[in-house]
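Following: one structure in structure tokens, then a few remarks.
A short reminder: the numbers here are calculations on the coordinates, not readings from a lab. Note that the structure is a prediction, hence the values are computed from the model and not measured. Don't worry about glycine lacking a Cβ; one is built from the backbone with ideal geometry, like all the others, and counts go over all protein chains shown.
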Amino acid sequence: MVTLKERRMIQFNEENDFSRYCSAIADGFCPFLAPAEQQSVLFASHYRLDGESIFDLQEGMFYVGIVEIERFRRFRKGNIHSQKGILACENVIFELSAKFDDVDGKELFGWPHYLLKVLYTQVGIMLGKFWIKERDVSRDGLPIPEPPCHFLSIRSAVKSRDPFFFTEAPFLMSTLLESKDNGKNVHEFLLQNGCDISSIESMRNHHYYQQVKEWVERKVTARLRRMEDERRLY
């Protein structure tokens, strides 16, 4: 079950954990957050996810991701001639029940993030994944503040900087560099009759998460085999 609890604009001077975290990340780790906050286009949507298994959570995260990315694309299109469209950043916060307090965040985000990345890189969408207890360092070797919650970040791709984030998905590098959002429905060739990507319930009823997961597994396997064959030729 997925429940939207809150949607708001983030300001660094607010007295809450997520605003303080964003302020800390903006100070030396991410050059995009401060301009987004200054332009009043730094947002957060807070969802409650309930389920019996990690698969249930991943499925819900994937559907929420689609709904929020499509909303982000509409906002970006409506501000195409403005700095707001370029700088906008949406953060999708996931609240889980207590029984998932010890969930492996990397595993939790693995498939939903990857599937969304495969679908949306072609239209210039960058997706970040962050989880409670995540420990990481910056490109300069500095410890990055630990996230206070599980969340996905959504922003526009910056082609001069973002290839760094595709080291684990090199087959998407050319897609990133050639990306352009002309309003294309990236789901069109996958959708079953009646499946509505604006509705979490519709996507769940059509088992869309599993369908996309199976498609990506076939697509990536075939692509990796081609890459291996090309290496052997040289």
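What to note about this one:
- Only lysines eight or more places from LYS180 in sequence, or on another chain, were considered; those with a Cα closer than 25 Å are LYS77, LYS84, LYS117, LYS129, LYS159, LYS213, LYS219.
- Label point 7 Å beyond Cα of ILE132 along Cβ direction - residues of the stretch 12-54 with amide nitrogen under 14 Å: 17-18, 47-50
- Charged-residue dipole, Cβ positions (Lys, Arg, Asp, Glu), the stretch 1-105 about Cα centre, Debye nearest 20: 780
- Its relative contact order, with pairs defined as Cα atoms under 8 Å and 6+ residues apart, puts the stretch 1-116 at 31 percent.
- Per-residue ellipticity at 222 nm from helix content only, as computed over the chain with -39500 (n - 2.57) for each DSSP H run of at least four residues, stands at -13000 deg cm²/dmol.
- Relative contact order (%) - the chain, alpha-carbon pairs under 8 angstrom, separation at least six: 19
- Only aspartates and glutamates eight or more places from LYS184 in sequence, or on another chain, were considered; those with a Cα closer than 19 Å are GLU68, GLU70, ASP196.
- For q = 0.08, 0.11, 0.13 Å⁻¹, Debye-computed log10 I/I(0) when each Cα of the stretch 2-233 counts as one equal scatterer: -0.30, -0.58, -0.82
- Summarising the strand pairing of the stretch 2-233, around 70 percent of its internal DSSP beta bridges are antiparallel.
- Top positive-direction residue, dipole computed over the stretch 2-233 with Cβ charges, set SER53, VAL137, ILE197: ILE197
- Derived scalar couplings ³J(HN,Hα) [the stretch 32-38; Karplus, 6.51 cos²θ - 1.76 cosθ + 1.60; whole Hz; x for Gly, Pro]: 9, 5, 4, x, 5, 5, 5
- Think of the stretch 2-233 as a dipole: +1 on every Lys or Arg Cβ, -1 on every Asp or Glu Cβ, centred on the Cα centre; then among VAL220, ILE10, HIS150, VAL220 lies furthest on the positive end.
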